[in-house]
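Chemist: Dropping a structure here in structure tokens format, bear with me for questions.
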Amino acid sequence: MERTFHMLLYRAFHAQRNYLRPCLGQIGLEIGQPKLLTYLANHEPCRQREIANYFEIDSAAVSRMLDSLEKSGFVTRKIDEESRRSNLIGLTDKGRKAQNIWQEHCRDMEKIMLRGFEEEEKERFADYLYRAYQNFRDEKKEDA
């Protein structure tokens with residue numbers, strides 16, 4: 001196997017996605033939606049713009065995902081009394097249940113992925129990934 005960082009990251013991401021994908025159908029979610037439920041579980045109620053900023057994705061893409069999640073009964077939108085031009089997004093009971101199932105599946109995936117790692121190695125690995133992400137963020141700021 002090629003051991004360049006980009007290929008190792010790609011293969012790890014692909015393996016993770018393949019492990020998690022069957023869970024999506026079981027709980028009635030589509031690709032990209034679980035991360036929104038996870039964000040909402042920790043930050044609800046919030047505005048659509050907050051979600052888009054956090055994940056660094058287009059607000060229109062978030063809107064489409066939220067439309068689908070709302071139609072499926074996972075989230076609710078209500079008018080923000082402080083700013084009537086925006087909605088506050090929150091989880092329904094169905095959304096909380098789906099998010100809990102998703103989190104449990106993610107914990108199982110992490111146990112498999114990090115099998116044989118010492119606690120200190122896990123912490124260093126998380127730090128390395130965070131630092132790599134920050135390097136991209138810093139590069140993006142320099143280009144702006």
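The values are calculated or read from the model by the stated rules, or taken from the named source; none is laboratory data. Every value quoted in this text rests on a predicted model; they were computed, and no experiment measured them. Note: ideal-geometry Cβ built from the backbone for every residue, glycine included; neighbour counts use all protein chains shown. Remember, those area values only see protein heavy atoms, side chains included, never the ligands or the DNA or RNA. Shrake-Rupley method; radii C 1.70, N 1.55, O 1.52, S 1.80 Å.
Chemist: May I ask you to verify whether Gly95 is under 23 Å from Ala41 (Cα atoms) and part of a helix (DSSP H, G or I)?
Modeler: Criteria met by Gly95.
To keep it simple, each residue is scored yes or no on (1) open to solvent by 30 Å² or more (accessible area, probe 1.4 Å); (2) of a type outside the set (D, E, K, R); (3) over 29 Å from Phe136 (Cβ atoms).
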| site | (1), (2), (3) |
| --- | --- |
| Leu37 | no, yes, no |
| Ala61 | no, yes, no |
| Phe74 | no, yes, yes |
| Ala98 | no, yes, yes |
| Asp108 | yes, no, no |
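Chemist: Report, by residue number, each residue of region 9-23 that is open to solvent by less than 50 Å² (accessible area, probe 1.4 Å) and either over 13 Å from the mean Cα position of the chain (by Cα) or of a type in the set (Asp, Glu) (or both).
Modeler: The answer is Cys23, and nothing else.
Chemist: In region 24-34, how many are open to solvent by 80 Å² or more (accessible area, probe 1.4 Å) and in a helix (DSSP H, G or I)?
Modeler: Total satisfying the criteria: 1.
Chemist: Taking the stated definitions as given, is Leu37 in contact with a strand residue (DSSP E or B) (Cβ under 8 Å, 6 or more places away or on another chain), outside any loop (DSSP other than H, G, I, E, B), closer than 20 Å to Glu110 by Cα and touching a residue at least 24 places away in the same chain (Cβ under 8 Å)?
Modeler: yes
Chemist: Could you say whether any residue in region 39-56 is of a type in the set (Val, Ile, Thr) and in contact with a Gly (Cβ under 9 Å, 6 or more places away or on another chain)?
Modeler: no
Chemist: Search region 39-50 for residues being open to solvent by less than 60 Å² (accessible area, probe 1.4 Å), modelled with pLDDT of 95 or more and not small (Gly, Ala, Ser), and hand back the single one that is farthest from Glu70 (Cα to Cα).
Modeler: Among residues in region 39-50 that are open to solvent by less than 60 Å² (accessible area, probe 1.4 Å), modelled with pLDDT of 95 or more and not small (Gly, Ala, Ser), the one farthest from Glu70 (Cα to Cα) is Tyr39.
Chemist: Among Leu29, Leu91, which is more than 29 Å from Gln134 (Cα to Cα) and under 14 Å from the mean Cα position of the chain (by Cα)?
Modeler: Testing whether each residue is more than 29 Å from Gln134 (Cα to Cα) and under 14 Å from the mean Cα position of the chain (by Cα) leaves just Leu29.
Chemist: Taking only region 62-92 into account, find how many residues are under 23 Å from Pro22 (Cβ atoms), in contact with a Leu (Cβ under 9 Å, 6 or more places away or on another chain) and not in a helix (DSSP H, G or I).
Modeler: Residues meeting the conditions: 4.
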